[in-house]
Structures are given as structure tokens and as C-alpha cells.
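The structure under discussion appears below in the form of C-alpha cells.
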Amino acid sequence: MHTNDQKNQYHQEMIMKADKAIKELSALSNQCHFRMKYHFMPEASWINDPNGLIYINGEYHMFYQQHPYSAENGPKHWGHAKSKDLIHWEHLPIALAPTEDYETHGCFSGTSVYHNDKFIIFYTGNVIEDRRVKKQVQCMATSQDGVSFEKDKNNPIIRNFPEEGSQDFRDPKVWRHEDKWYMAIGSGKNGKGNALLYHSEDLRSWKYMGKMAESRDTLHGKIWNCPDFFEIDGKDVFIFSPAVSKSEKGQENRQAIYWVGNMDYQTGKFQEEVDGDVDLGKDFYAPQTLVDDQGRVILIGWLDMWWNAMPTQEKGWAGIMTIPRLVSILDDGSLTFNPVPELQELREHHLEWNELTISGADKHVCLTNGGALEIIADFDLKVSDAKEFGLEVRSSINREEKTVISFRQEQNELSVNRKQSGLSENGETTCELIPHAEDYLKLHLFIDSSSIEVFADDGRTVMSHRIYPDIESTGVQLFVKSGVVKANYIDIWSLKSIW
Ligand code: FRU
């Protein structure tokens, strides 16, 4: 039997060892031309889900799943970074390393809260046998300074899954409503994903309330990961990421779903009214939110996906986070996700076009060059009659390499085509987009060394992807196929690096 002090000391030693491993790997990562200019990324090693997002005392904290010893998936630690402006991030020491026998295969995803002057992390202890989940339990860790965390001596604080759950029992989301704390845990049973609800008065002893929500449709998934919950303008929002196995990869699947509705705290049931997608890109998963001092709901997701190729792995790192997104609710109850205004700080050189019209069977006009860009293109839908129009970015001089963002008016379809984007095999991703206004469609793009995020129709439709173009492929073109396209305006900014 080890005393608590011995356990804490061992935890600190393992954290130092992990931080050292990251520093060592970073010599290799730093040589990679896919390193991001203005997205959050680790100094080196593998990262996935953002965890425990929280705004405290003027700082945004982001924790995340990290395997510090390589660029591959492995026993998870909680990496940690903070920011004063949501844009510039400072890497901090690892917050949690798996050192206990209830977490031999990782400290999995979760939440953090700030209570009685302490940071408190809730996470899942993960134990695996024969590559399958053997046991997942819920744990807590606390910190006075927000940097150095101690695991609770009563861990695990939830040791067994309830009747409605299964071995897959993870990613606690904790929030406060009136005088109680609530915890939603992702799980599933009999082929239906669900979230299991607990409540507590003191954050330590948790009482099971029942199933808070459950899949109604195969696209909602068999197991739910990373539940998230927040209130916005009098409505409750529940977000979950259906777990899809590798074998289901080719099938149509939804990666991050939001439900807007009402949480009934008496029955513990979430009444859903609106169902939508947080992001329809293929490299987006496990988003989390925080509420800051201005009451803004800010969302960050993992800008990658479990089974997608990650060519940066050979350079000792993998995984980035999306740019922070401001969540708003519309009159019809659906949500929009737009880049936070703070990102405007990064704008450097500006180019603009007004009333730009091109037409033909297959025409394009070169606009500029750049590897890290923000583009806002506003198209006049009254004049534009083309079958297809849009923008090509990160293109080579001969346009053989390019990533194409296009709108097909007749089909009301938005597409991100990565068939010629560069390294790794990627296809075309399409989704329905019926512009909310009759006369215009706005595309707002953020392009970085190895990513592209498309915010279309004022944040109603978002698609995020990784791309791996040649460093020289920096062209930007406006193009049209079969008809006329008129841009009311196009603004392009080169963006400064945050690192
Ligand atoms: C989601 C997820 C979580 C789990 C974590 C492990 O991407 O699978 O369910 O806690 O990643 O890193």
C-alpha cells in the first residue's frame, strides 16, 4: 500500500517524464512543414479530444487527450494549455498522467469546473484487456494553482455503470444548475447510444438519475462519446459524438450532433426539439464548450478523426484543435458556429475585390497566394446562375494540386473536394446547403498549413478538414463552371503566426 503522498510524488515524476518525452520529440516535429501557423497544436506527440475547457480569472484553459511518448494513439494523459485571448496559447505541464490501477490505459476525456477556489477535473479511468474496454470508471483530481493536479484519494468516485449503461462508460460532463451539480456520462446499450445522468450536492457523492437522452436513429450511433451541455438564451443544448467503429467508417455517419431543447431537472430527461450537426467535415470530433465572462459560448473540437490518415505522424506529432467558434442560437432554435472575433487580430495583409463577375464553361481567375489565410467571399445569388462556382485554395501553379470549395446551386450542395489536395487519400465531402437568404451566400474560410475550415451561410453549415498540400501550393482562385458567378465582394487576409 502506498500512501497518498507517495502516489502524488509518483504522479509528479510521471508527469515530468512525459513532459521530457514531448520536448525530445519536438526536435523532429519542428522540421515538419505541416506545422500550423495559427491553430492550437502540441509541441510534439499525439493529441485528440479537447477536455475540461474553462474560463477562469481572465484565462482560457484547455486540456486535451495526449499520448506524450509518440505520435500514435496510446495511454492518455491530460495535456494542458492556457490563453488570455483564445488565440495565443501557452503550453503548460501535463495535468494528469495515468498512474493508478483504475486507469492503466489512460486518463480519458472529461470536464473541469472551478469551485471554492479550486480547479476540479472529472475524467474517466480506462482499463483495457485484449484491446477491449475492460472497465471505465469516473474519477476526479483537484488543483489549487490550476497547473499541478492531485488525484482524489476516493477515486474512482463512480465505480460501476448502471443498468442502462455498458462497459463503454466515459467522458463525464459536469455542470451546475441552481443548487445542484449534474454529470452526464456517455454510454450505450442494445445498439443505442445514450447519456446517463447523475446529480450531486458536493461533487463527491453522485446519485444516478437515469437516461438523460438516447439514440433515436442509426446515425445517432450505438455508443456516445464526449457529451457536452450548456444553456443559451433560455434553451438547453446537448452535444454528443457518436462512436463509430473503424468497420463503419465507409458508411454515412454523423460525427458531432447537437440537440436544442429543454432539460427537465425533475425527471432528468432532455426533451429535444432541434437536431443539427456541429460540423459536417470529415476531420472533426469530440467538441467541447466553455462559457466565458461575457457569457459567450465558445466551442473547440478536435480537427482530426480516429481513422483518417495523419501524415505528420512520421514527424513525431499528430492532432490539432479547431479555431475557437462562437455559438449562437437562431429564432428557429438551430445553432450557428462562427469564428470568434478575436481571430481578426491575426489579420495582416488585406486584398479586396468588389463586384467581381466571371462567366464561361470553365473559367477561373487568380486572386492571390498564401498558406495561412482568411477569406470571406459573398456571392450574389440573384445574378449567379452557374452550375457550380467557388474557390480553389492551396493550389499549385498548374492547378493540379488544389482543394476546391464549391457551391452547386441547382442541387443546393456545398462541397469540399480534397481529391487533389496533396498527401493522403481524401475524397469529396458534400452536404445540403439551402442558403437562408435568397440573394446572397457567404463563404468564410480559414486556411492553415494543413487544414481548411469552411463556415458557410453565416455559420449555419460548417465543414472542417485536414489537407496536406505541398509547401509551394499556395494559389487562390475564384472559379465558375457553366454560367455566371458574381461575387459582391471578396476579402482576403494573410494571417500572422501565433507560435
Ligand atoms: C473520443 C474518445 C473518448 C475517450 C477519448 C480517449 O475521441 O474516444 O470517448 O475518452 O477519446 O482518448
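The values are calculated or read from the model by the stated rules, or taken from the named source; none is laboratory data. Predicted, not measured: the structure shown is a model, and the values here were computed from it. Because the Cβ atoms are built from the backbone with ideal geometry, glycine has one as well, and the counts that use them run over all protein chains shown. Surface accessibility is based on the protein's heavy atoms, side chains included, excluding ligands, DNA and RNA. Shrake-Rupley method; radii C 1.70, N 1.55, O 1.52, S 1.80 Å.
Condition (residue is free of Cβ contacts under 8 Å to residues at least 60 places away in the same chain and part of a loop (DSSP other than H, G, I, E, B)) applied to segment 44-56: is it met by at least one residue? No, that holds for no residue.
Determine if segment 76-98 includes at least one residue that is open to solvent by 20 Å² or more (accessible area, probe 1.4 Å), under 18 Å from Arg159 (Cα atoms), within 13 Å of the ligand (Cβ to nearest atom) and part of a strand (DSSP E or B). The answer is no, given that none of the residues of segment 76-98 is open to solvent by 20 Å² or more (accessible area, probe 1.4 Å), under 18 Å from Arg159 (Cα atoms), within 13 Å of the ligand (Cβ to nearest atom) and part of a strand (DSSP E or B).
Reported count of residues in segment 20-37, each being within 14 Å of Glu314 (Cβ to Cβ) and of a type in the set (Lys, Arg), is 1.
Among the candidates Ile434, Ile447, Ile467, Ile452, the residue that is under 22 Å from Gly281 (Cα atoms), free of Cβ contacts under 8 Å to residues at least 24 places away in the same chain and not basic (Lys, Arg) is uniquely Ile434.
Evaluated against (1) open to solvent by less than 10 Å² (accessible area, probe 1.4 Å); (2) of a type in the set (Val, Ile, Thr); (3) part of a loop (DSSP other than H, G, I, E, B), Val416 falls short on exactly one condition, (3). Entry remark, segment 75-99: residues being over 30 Å from Pro341 (Cβ atoms) and either modelled with pLDDT under 95 or in contact with a Gly (Cβ under 7 Å, 6 or more places away or on another chain) (or both) number 4 in total. Taken together, the criteria place His33 among residues that are open to solvent by 10 Å² or more (accessible area, probe 1.4 Å), more than 16 Å from the ligand (Cβ to nearest atom) and not aliphatic (A, V, I, L, M). Looking only at segment 156-188, residues that are within 16 Å of the ligand (Cβ to nearest atom) and either open to solvent by 10 Å² or more (accessible area, probe 1.4 Å) or assigned to a strand (DSSP E or B) (or both) come to 17 in all. Quick one: would you say Ala71 is crowded, with 18+ Cβ neighbours inside 10 Å, farther than 26 Å from Gln138 by Cα and within 15 Å of the ligand (Cβ to nearest atom)? Yes, satisfied. Within segment 277-323, if we keep just the residues that are assigned to a strand (DSSP E or B), under 10 Å from the mean Cα position of the chain (by Cα) and more than 14 Å from the ligand (Cβ to nearest atom), the residue that is surrounded by the most Cβ atoms within 10 Å (Cβ to Cβ) turns out to be Leu299. Are any residues in segment 390-446 among the basic types (Lys, Arg), over 26 Å from Arg347 (Cβ atoms) and more than 24 Å from the chain's Cα centre (by Cα), and if so, which ones? Matches in segment 390-446: Arg399, Arg408. Going through (1) open to solvent by 20 Å² or more (accessible area, probe 1.4 Å); (2) over 27 Å from Met463 (Cβ atoms) one by one, Asp233 falls short only on (2).
Scanning segment 99-112 for residues that are away from the ligand (no atom under 14 Å from the Cβ) and either under 14 Å from Glu150 (Cβ atoms) or buried (at least 24 other Cβ atoms within 10 Å of the Cβ) (or both) yields a total of 3. Of the residues that sit in segment 189-198 and are in contact with a helix residue (DSSP H, G or I) (Cβ under 9 Å, 6 or more places away or on another chain) and part of a strand (DSSP E or B), which one is most open to solvent (accessible area, probe 1.4 Å)? Result: Lys192. The condition of being open to solvent by 10 Å² or more (accessible area, probe 1.4 Å) and not hydrophobic (A, V, I, L, M, F, W, C) holds for Glu472.
Within the option set Leu330, Leu343, Leu326, Leu280, being among the hydrophobic types (A, V, I, L, M, F, W, C) and touching a Cys at 6+ places or on another chain (Cβ under 7 Å) holds for one residue only, Leu280. In this structure, is Lys387 touching a helix residue (DSSP H, G or I) at 6+ places or on another chain (Cβ under 7 Å), of a type in the set (Lys, Arg) and more than 23 Å from Ser241 (Cα to Cα)? Judged against the criteria, Lys387 is not a match. If you go through segment 199-226 and keep only what is farther than 19 Å from Asp168 by Cβ, open to solvent by less than 60 Å² (accessible area, probe 1.4 Å) and part of a loop (DSSP other than H, G, I, E, B), you end up with just Leu203. In segment 42-53, the residue that is nearest to the ligand (Cβ to nearest atom) out of those that are over 12 Å from the mean Cα position of the chain (by Cα) and surrounded by 23 or more Cβ atoms within 10 Å (Cβ to Cβ) is Trp46. Those residues that are part of a strand (DSSP E or B), of a type outside the set (Lys, Arg) and closer than 22 Å to Glu425 by Cα, I need them from segment 450-499; list them, please. Passing the criteria: Ser451, Ile452, Glu453, Val454, Val462, Met463, Ser464, His465, Gly475, Val476.
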